[in-house]
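A short worksheet on the structure shown next.
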Amino acid sequence: MLDETCCDSVMIARGALGNPFIFKRFNTLMEKGYDPGLPEIEEIKLVALKHIDLLIREYGEISGVDKAKKHIIWYMKNSIGIRNLLDEIFLIHTKEELVELLIFHTEKIQKKLYQEEDLNIYQQKFNNRVLFWLLESEKLEKVSNVTSKLVL
């Protein structure tokens, strides 16, 4: 794309939602000419653990854990066992419980203890959710524009 359009760079934007690994993939593609693909589950776990710590440091344990749950679900959306994770993660209330669940879940993935499942179903649900956010954002922007004109 860069060669065809002669642009200097590419904006990733919403492609990074729940996918901080996209930047490493993009850099590898640009530097070495190939996409290394999705990260291994161990890398996902390490990033998620770091993210939990950062969110709790920023927001405190209660809010940080709630925010971390959303991110962990996004990180794991392409992995088998997502249905199990969704069933369990919303019962979590502390950092300790969340870390324990994350480690347990990733170990089960590594040991192939989850049954295969159709991940396309979950991918579609995530995509629909992002589209919902976009539509809501557009509606709010239109309302804001109308309100601004009324005030003037």
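In order along the range 87-96, the phi-based Karplus estimate (6.51 cos²θ - 1.76 cosθ + 1.60, θ = phi - 60°) of 3J(HN,Hα) comes to 5, 9, 5, 7, 8, 7, 10, 10, 4, 4 Hz; Gly and Pro are listed as x. Judged by the ratio a/c of the largest to the smallest principal axis of the C-alpha gyration tensor, the range 1-138 counts as prolate, that ratio being 1.5 or greater while a/b is larger than b/c. Applied to the range 32-49, the Karplus parametrisation 6.51 cos²θ - 1.76 cosθ + 1.60 on θ = phi - 60° returns per-residue 3J(HN,Hα) values of 10, x, 9, 8, x, x, 5, x, 5, 4, 5, 5, 4, 4, 5, 5, 4, 4 Hz, with x for Gly and Pro. A Förster radius of 30 Å combined with the Cβ-Cβ distance from Glu42 to Ile62 puts the calculated FRET efficiency at roughly 0.60. Sequence-ordered 3J(HN,Hα) estimates for the range 72-82 from the Karplus curve with 6.51, -1.76 and 1.60 and θ = phi - 60° stand at 4, 4, 5, 4, 8, 4, 9, 10, 4, x, 4 Hz, glycine and proline given as x.
In terms of packing, defined here as the mean over residues of other Cβ atoms within 10 angstrom, the peptides 103-115, 64-76, 22-34 line up highest first as 64-76, 103-115, 22-34. Where a ≥ b ≥ c are the square roots of the eigenvalues of the C-alpha gyration tensor, would you call the range 62-132 rounded, which needs a/c under 1.5, or, failing that, prolate if a/b is larger than b/c, or oblate? Judged from the Cα gyration tensor, the range 62-132 comes out oblate (a/c at least 1.5, b/c at or above a/b).
None of the figures in this text is laboratory data; all of them are computed from the coordinates on show. Source: prediction; values computed, not measured. Note that we place each Cβ from the backbone using ideal geometry, even for glycine, and neighbour counts take in every protein chain shown.
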